[in-house]
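Each remark here refers to the structure printed beneath this line.
The values are calculated or read from the model by the stated rules, or taken from the named source; none is laboratory data. Here the structure is a predicted model, which means the values were calculated and not measured. Using ideal geometry, Cβ is built from the backbone for each residue, glycine included, and neighbour counts are taken over all protein chains shown.
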Amino acid sequence: MDGFLNSITEFEKIFNLYTVLLRIVLAVLFGGIIGLERGKHGRQAGMRTHILVCIGGAMTALIGVYSNSVLGFDSDPVRISAQVVSGIGFLGAGMIIVKSDRMITGLTTAAIMWATAIIGIAVGLGFYSGALIATFACFFTAAVLTRVDRRRKTSTRVYIEVNRLEKLEEVVEYIRKALPDEAFVETSAPKSGTAGNMGITVITTDMENYDVFKQGVKGTGAVHFMTRD
């Protein structure tokens with residue numbers, strides 16, 4: 001077993017045309033595996049974007065290795081790659097969207113984009129085993145754990161329209177007492193466009209007893225209508 005591991009380590013140190021080609025191909029493969037899962041769910045960054053990011057990370061590492069091993073420059077081979085770790089943030093920022101209801105989406109895709117760049121660096125340096133393990137760890141996290149997290153933290157959105165402004169404060173107070181402290185409550189113009197009405201948007205992850213909550217809100221006698229998404 002030790003001999004097999006030593007042979008893999010020695011192979012990772014080889015730098016020639018064939019290993020360069022292998023590393024770029026692996027960058028395409030690993031980036032594509034991660035991006036395929038993101039693209040399947042309609043995320044902003046899909047397979048092509050992740051492949052390009054992974055290739056870019058691999059190339060920065062290859063440039064460092066080439067300048068050090070082939071050209072003989074006395075420099076740190078990972079110096080250029082280190083800039084990718086911070087520089088990839090501009091792409092990640094483009095994945096993050098703040099919706100009109102102040103909810104943020106795209107954080108997972110941005111994080112995976114960053115991790116894909118690091119995987120590309122690992123491939124470019126010849127750290128194949130680490131890149132392979134990280135690729136499947138990212139894929140597992142995005143494909144499996146995201147679904148588990150969504151089931152655990154399924155958000156419920158409730159829209160309430162009040163037609164008696166003198167009771168608006170009473171309705172809001174009841175909502176805040178009935179729901180957890182982290183529940184999002186915001187008043188806004190009425191969606192119905194009815195003059196004198198006021199809209200209330202509620203977003204919470206704890207809405208197991210919706211019927212009881214609905215009955216309590218309507219019990220204030222000021223609710224025109226109430227919907228749940």
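Whether any residue in the range 105-115 is modelled with pLDDT under 80 and closer than 14 Å to Thr60 by Cα is what I want to check. Checked against the condition, which is being modelled with pLDDT under 80 and closer than 14 Å to Thr60 by Cα, the range 105-115 yields no hits at all. Sub-8 Å Cβ pairs linking a first residue in the range 49-66 that is assigned by TED's automatic domain parsing to the domain that holds Ala82 and at pLDDT 85 or above to a second residue that is buried (at least 22 other Cβ atoms within 10 Å of the Cβ) and among the aromatic types (Phe, Trp, Tyr), at least 6 apart or interchain, are Cys54/Phe30, ordered by first then second residue. Going by the conditions given, is Phe184 touching a residue at least 12 places away in the same chain (Cβ under 8 Å), surrounded by 11 or more Cβ atoms within 10 Å (Cβ to Cβ), over 11 Å from Tyr159 (Cβ atoms) and under 31 Å from the mean Cα position of the chain (by Cα)? When the stated conditions are applied, Phe184 passes them. Of everything in the range 187-225, what is assigned to a loop (DSSP other than H, G, I, E, B), closer than 18 Å to Thr156 by Cβ and of a type outside the set (S, T, N, Q)? Give them in sequence order. Those that are assigned to a loop (DSSP other than H, G, I, E, B), closer than 18 Å to Thr156 by Cβ and of a type outside the set (S, T, N, Q): Lys191, Asp206, Met207, Glu208.
Going through (1) within 13 Å of Lys214 (Cα to Cα); (2) in contact (Cβ under 8 Å) with a residue 40 or more places away in the chain; (3) not basic (Lys, Arg) one by one, Ala178 falls short only on (2). Of all residues in the range 130-141, those that are within 15 Å of Gly120 (Cβ to Cβ) and of a type in the set (S, T, N, Q) have Cβ atoms under 6 Å from Cβ atoms of residues that are at pLDDT below 85 and assigned to a helix (DSSP H, G or I), 6 or more apart or on another chain, in Thr135/Ile33. For the range 45-73, filtered to residues that are outside any helix (DSSP H, G or I) and within 14 Å of Thr116 (Cα to Cα), the residue that is farthest from the chain's Cα centre (by Cα) is Gly46. If you go through the range 18-48 and keep only what is among the small types (Gly, Ala, Ser), at pLDDT below 80 and surrounded by fewer than 20 Cβ atoms within 10 Å (Cβ to Cβ), you end up with Gly39, Gly42, Gly46. Apart from one condition, Arg147 fits all of (1) touching a Pro at 6+ places or on another chain (Cβ under 9 Å); (2) modelled with pLDDT under 85; the exception is (1).
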